[in-house]
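Below is one structure, written out as structure tokens, with a few remarks after it.
Just so you know, all these numbers are worked out from the coordinates, no wet-lab data involved. Just so it is clear, the model here is predicted, and its values are computed rather than measured. Cβ sites come from the backbone with ideal geometry, for glycine too, and all protein chains shown count toward neighbours.
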Amino acid sequence: MSAQRVAELAGVSRSAVSRTFTAGASVSEATRKKVMQAAETLGYHVNHLARGLIHERSDIVCLIAADLNTPFQSRMLETMTRRLQEIDKVAMVINTSGESESVAGALRKSLNYRADATVVFSGAPSASLIDTCINNGQHVILINRDDHRDGPENVVVDSATAAWEAFHMLRRAGCRRIAVVSSDVGTPSIVGRATNFQLAAAEAGIEVVVARYGPTAYASGVEAARILLSRSDAPDAAFCVTDLLAFGFMDVARHEFGMSIPDDICVIGFDDVEQSGWSSYNLTTFRQPIDQIADYIVRHIDEPLAIRKGGEPTRFQPLPVWRKSVRPK
């Protein structure tokens, strides 16, 4: 997007556009208003680095994410920033959990400084933010999302095999009444895990109960356990679509219902966050290959547009981590 197009739409000179976006430069309020309206219409963002950069690249990578306080997202963010620093990149983080206006303002700043690429984590960042990045010529990489549009590169963790394996782990343990503990957050990764588990159960002729309560948080696992375990047909197994949900579920099962895990009920999670290996949980789960995903992204982040991967997403397989929340066969 060129300053000349902004000038033409605003009906002013190119130098007037330049002065509008230069701090301290002289420009009338009427001209400034026309230029800003034209820039907004065209999606124009001034390149603050262009005046001083010797190299063509800014070496800035924008990371867009939500729910950064959760164990999985914080670990993903820590890994990505560390890997980027190892290749002399600077990470600019935008937390989309905030107010929409502040999020949009932060994104405008990243575009002003012409980040080399934008990496969008799984979760709730809106499609409109992704479109803004693409329309401004960004190399966009999406992690665990199902945004079907031309331009971005997709990286996904395949939940189908993991869900099938989780179901059969529970069946081999002798479990008959199985519940899926999910949330009301309809992100692609969360929905995919629950759906694929249901499909695996349906293939075996087993009907499972799906419980969806609130955000993907510890408290939602607590709520699910209180409701499910108080039923006359309470489950003897639970597949929790994240470890955080599993932690809440397990704590209620043990401390409020006096159940023993895995003797009375088996529990499987997904993510393999650090707390999964703590002795309080010893959670059998599936590990998202964060290190491999980060390595893949840093290897491809500087690829020229002509050779960037398109079409089908790059898939990574989660790895089962057997601990003590599921009975052995």
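Going by amide H atoms built from the backbone, whose H comes under 5 Å of the H on Ala91, apart from near neighbours?
Amide H to amide H, under 5 Å and 5 or more residues apart or across chains, Ala91 pairs with Val61.
Report, largest value first, the span of the C-alpha coordinates of the chain along each principal axis, in whole Å.
76, 36, 35
Once you have the Cα-Cα distance between Glu256 and Asp233, take 0.36 nm times their residue separation minus that, and quote the gain in nm to one decimal. If you can, show how the numbers build up before the last one.
Working: separation 23, 0.36 × 23 = 8.28 nm, distance 1.73 nm.
The Glu256-Asp233 span can extend by a further 6.6 nm.
Could you give the length gained by full extension between Ser279 and Glu40, i.e. 0.36 nm per residue of separation minus their alpha carbon distance, to one decimal place?
Numbers: separation 239, 0.36 × 239 = 86.04 nm, distance 5.41 nm.
Here the segment from Ser279 to Glu40 would lengthen by 80.6 nm.
Run the simple label-point estimate for Asp184 and Leu68 please: 7 Å along Cα→C-beta, distance reported in nm.
If labels sit at Asp184 and Leu68, their model points lie 2.6 nm apart.
Find me the longest stretch of the chain that has none of the exposed chymotrypsin sites (Phe, Trp or Tyr not before Pro), where exposed means in a DSSP loop (not H, G, I, E or B) with at most 13 other Cβ atoms within 10 Å.
In short, 1-277.
Say each of Ser97 and Lys329 gets a label point 7 Å from the Cα, pointing the same way as Cα to Cβ; how far apart are those two points in nm?
For Ser97 paired with Lys329, the spin-label model returns 4.2 nm.
Can you work out the FRET efficiency for the pair Asn135 and Val209, with r the C-beta to C-beta distance and R0 = 56 Å, to the nearest 0.05?
Working: r = 43 Å, r/R0 = 0.78.
Given R0 = 56 Å and the Cβ-Cβ separation, E is 0.80.
Which of the listed residues, Leu244, Ile268, Ala91, is farthest toward the dipole's positive end in the chain, when Lys, Arg count +1 and Asp, Glu count -1 at the beta-carbon?
Result: Ala91.
Want the number for Ser13 to Thr79: 0.36 nm per residue separation, take away the alpha-carbon distance, what's left?
Working: separation 66, 0.36 × 66 = 23.76 nm, distance 4.63 nm.
The span from Ser13 to Thr79 would gain 19.1 nm if fully extended.
Restricting to DSSP H runs of at least four residues, report the calculated mean residue ellipticity at 222 nm for the chain, -39500 (n - 2.57) per run over all residues, nearest 500 deg cm²/dmol.
Working: 11 runs with 133 residues, N = 329.
Computed mean residue ellipticity for the chain: -12500 deg cm²/dmol.
Kindly work out what percent of the DSSP beta bridges joining two residues of the chain are antiparallel, to the nearest 5. Spell out each step's value before the answer.
Working: 3 of 36 bridges.
Around 10 percent antiparallel, to the nearest 5.
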